[in-house]
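All remarks here apply to the structure that follows.
All of the numbers you see were taken from the coordinates with simple rules; none came from a lab. None of the values given here were measured: they were computed from a predicted structure. All Cβ positions, even for glycine, are placed from backbone atoms using ideal geometry, and neighbour counts span all protein chains on display.
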Amino acid sequence: MVTCTGCALLCEDIDAVVENNRIKETRNACRRGAAKFRGCKNRLTPSVNKKQTDVDASIKKAAELLKTAKSPMLFGWSNSTCEAQAKGIQAAKKLNAIIDDTSSFCQGILIEKVLRKKFRTCSLEDIRNQADVLVYWGSDAQDSEPRHLSRFSYFPRGEARQRGYEEDRTAIAIDVRESNTAKICKGHFYRIPLKGDRELILALTDALSGKVPAYDTKRILELANILKKAEFGVIFAGIGLTYSIKDELDILVALTDRLSNFHILPMVGHYNMRGFNENLFKETGFVNRVRFDGKAVHDNKYAIVEALRQKAIDALLVVGSDPLSSLPRSVLPHLAAIPVICIDPCVTLTSKIATVTIPAAVSGVESGGSAVRMDGRVIELSKVVENNYLSDAEILARMMEGA
Amino acid sequence: MPTVMELYQLLPKTNCKKCGESTCMAFAVALLSRKKNISECTPILEGSFKKQKEKLESLLLPTAGAEETGMIVHPELCTGCGNCVVACPVDVANDPKGAAIGCAPTNDKVIFRVVDGKVIASNIKECRRFGKNRVLCYACIDPCPTGAIEFV
């Protein structure tokens, strides 16, 4: 049995059939996981200034670029093992660099609240064994973490939920569109307008405290009743909810405080995003957007988007991420103007414009390590096939020897 | 998936009984449930029905891969989420420590398993839609949001 690194569920029950050091077949992995095990179509090759070279030369050049830069930034990390992330944080310290990861424009603010213990959360095993009311809020778990519903939340039979989804569990979807998760929730799908989460939270808070909600009274009272009767409820807070109320997350916390049996679980996409947040939090007390300058300084201007917008960085190291395809177009010109070092197993849009490219092993397939699941449990990753590619951690270690 | 009426419209509609069924409508029902073959309708094999025969064959093409219970899994729609693996009552009864609690199946008695990111059906004789005491079970169709599982 091996661990899948397709998403933050880190399924440990995957059966990979290896023949001649190649993965011939995967069993139990979803389509997303199976694709990860199959590997990339276009493998990245080492290059400097778009000219093919060997790995040693590209690592040497990368170290030189980072060393000479006045304000370098290390970005990515959500698709790297905890070991590589620790090396990255050490490198940022040594280089006096800015370090940020994809949680900067994802679930970072919610995970920070989890780590500061601002609200109740629970493990996925608790959900499987006990949860009876599941609220998928601004999250399409069925598509983003395909095995979430079948492995942990809605369908399985748990210790206290022996009749499974048929009688013991109620799934509720709150979203702006009828997602695949909403299709499964059927009668309990609450469609809200864009940015309508705040109004719904306030209306629910009203309903729970005995007042008449401001709109859609019948449906909201019905929803409040289901939430009130829950023995073990979970709100799966997706990025839709986090984006919509990012400046006032406290109203969500206040809502769960009113519901004594409710927990919040941030839905994480990348397999080790929570790992980076936890590692950096242990080291500095912040989850992302940190600059090392003797001490760790946290500021919103150290977010990748802001740093690029303000042209505050002069070199960028990208590890296992593709900022060129995921960041807003308005900040990209600066990305093209500075030296970019790309560490990735596959060819990406960013690797195509990068000054230095360094091919890495696919973690969880070609290199081992550990990662943190979306609920905070540390899971070991195994090496399934042998090859000569260096892992992210090894590349960073060699890079820092030269820097 | 074609309907009985669509198939009937393309048949000769003469109720000649040469196929052994009493009416062309009965033959259309038998065609859809794969109990009869188009070639058993002798009038349609004659030249004047050539176009209708071709249309019938193309309509019946999707049902060709169906299991004995009429189950078809569309691999292009399947995301391998495994909802059907865990929801199927037969899987739950046959594998209480594996599929029933959301984990990987631990034995070969289960009907559904996910291979290479797509679900495949085996042990089809265990399906509740099969055999003498069959029931109209929807447990694998209902949890599939993409409509990858179908019965014909």
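Any of A:K87/A:K295; A:K186/B:K132; A:K41/A:K383; A:K218/A:K246; A:K228/B:K97 with alpha carbons more than 24 Å apart? Name them for me.
Details: A:K87/A:K295 17 Å; A:K186/B:K132 32 Å; A:K41/A:K383 20 Å; A:K218/A:K246 28 Å; A:K228/B:K97 32 Å.
Pairs exceeding the cut-off: A:K186/B:K132; A:K218/A:K246; A:K228/B:K97.
Order by neighbour count: B:C81, B:C103, A:C185, fewest other Cβ atoms within 10 Å first, most last. Spell out each step's value before the answer.
Values: B:C81 32, B:C103 20, A:C185 24.
Fewest-to-most ranking of B:C81, B:C103, A:C185: B:C103, A:C185, B:C81.
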Percent antiparallel among DSSP beta bridges confined to the protein assembly as shown, nearest 5, equals 45 percent
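Provide Rg over Rh for the range A:108-266; use the alpha carbon set for both Rg and the Kirkwood Rh (inverse mean inverse pair distance).
Numbers: Rg = 14.5 Å, Rh = 15.6 Å.
Rg divided by Rh gives 0.93.
Any idea what the relative contact order of chain A is, in percent, if you count C-alpha pairs under 8 Å spaced at least 6 apart? Present the calculation step by step, with values, prior to reporting the outcome.
On the way: 844 pairs, mean separation 106.3, N = 403.
Relative contact order for chain A comes out at 26 percent.
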Which of A:L335, B:L61 has the fewest Cβ neighbours within 10 Å, and the rest in rising order: B:L61, A:L335
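Is there a pair in B:K18/B:K50; A:K117/A:K311; A:K24/A:K352; A:K117/A:K282; A:K70/A:K93; B:K35/B:K55 whose C-alpha atoms are over 24 Å apart, and which pairs would that be?
Values: B:K18/B:K50 18 Å; A:K117/A:K311 35 Å; A:K24/A:K352 30 Å; A:K117/A:K282 14 Å; A:K70/A:K93 14 Å; B:K35/B:K55 19 Å.
Too far apart for the 24 Å limit: A:K117/A:K311; A:K24/A:K352.
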The local net charge around A:E25, scoring Lys/Arg +1 and Asp/Glu -1 for residues other than A:E25 whose Cβ lies under 12 Å from its Cβ, equals +3
Loop-resident trypsin sites (Lys or Arg not before Pro) in the range A:259-315 with no more than 14 other Cβ atoms inside 10 Å, DSSP not H/G/I/E/B, are A:K311
C-alpha center-to-center spacing [the range B:78-152, the range A:129-151] in angstrom: 19 Å
Once Rh is set to the Kirkwood radius over Cα pairs, what Stokes-Einstein translational diffusion coefficient, in µm²/s, holds for the protein assembly as shown at a temperature of 25 °C and a viscosity of 0.890 mPa s? 94 µm²/s
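With the convex hull built on the Cα atoms of chain B, state its orientation-averaged projected area in nm². If you can, show how the numbers build up before the last one.
Details: hull surface 40.4 nm².
Taking the Cα atoms of chain B, their convex hull projects to 10.1 nm² on average.
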Which semi-axes, in whole Å and largest first, does the equivalent ellipsoid of the range B:71-151 have when worked out from the alpha carbon gyration tensor as the square roots of 5 times its eigenvalues? 17, 16, 11
Apply the Karplus parameterisation 6.51 cos²θ - 1.76 cosθ + 1.60, with θ equal to phi minus 60°, to every residue of the range A:299-314 and state each ³J(HN,Hα) to the nearest whole Hz, in sequence, with x for glycine and proline. 7, 5, 6, 8, 6, 4, 5, 5, 4, 6, 5, 8, 6, 8, 10, 10
Neighbour cut-off at most 15 other Cβ (10 Å), DSSP loop, trypsin sites (Lys or Arg not before Pro), the range A:133-227: A:R163, A:R177, A:K195, A:K211
Where does the longest stretch of chain B lie that holds no GluC sites (Glu not before Pro) found in a DSSP loop with 12 or fewer other Cβ atoms within 10 Å? B:77-152
Considering amide H positions built from the backbone, and no H for Pro or chain starts, which residues 5 or more places from A:V290, or on another chain, come under 5 Å of its amide H? A:I99
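Using the alpha carbons of the range A:83-126, what is the convex hull volume per residue in cubic angstrom, as a whole number? Provide the component values of the computation, followed by the final result.
Values: hull volume 4.8 nm³, N = 44.
It comes to 108 Å³ per residue, whole-number rounded.
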Among the DSSP beta bridges whose two residues both lie in the range A:40-198, what percent are antiparallel, rounded to the nearest 5? 15 percent
If the convex hull of the alpha-carbon atoms of the range B:4-62 is projected onto planes in all directions, what is the mean projected area in square nanometres? 3.4 nm²
Mind jotting down the distance between the C-alpha centroids of the range A:39-93 and the range A:191-263, whole Å? 43 Å
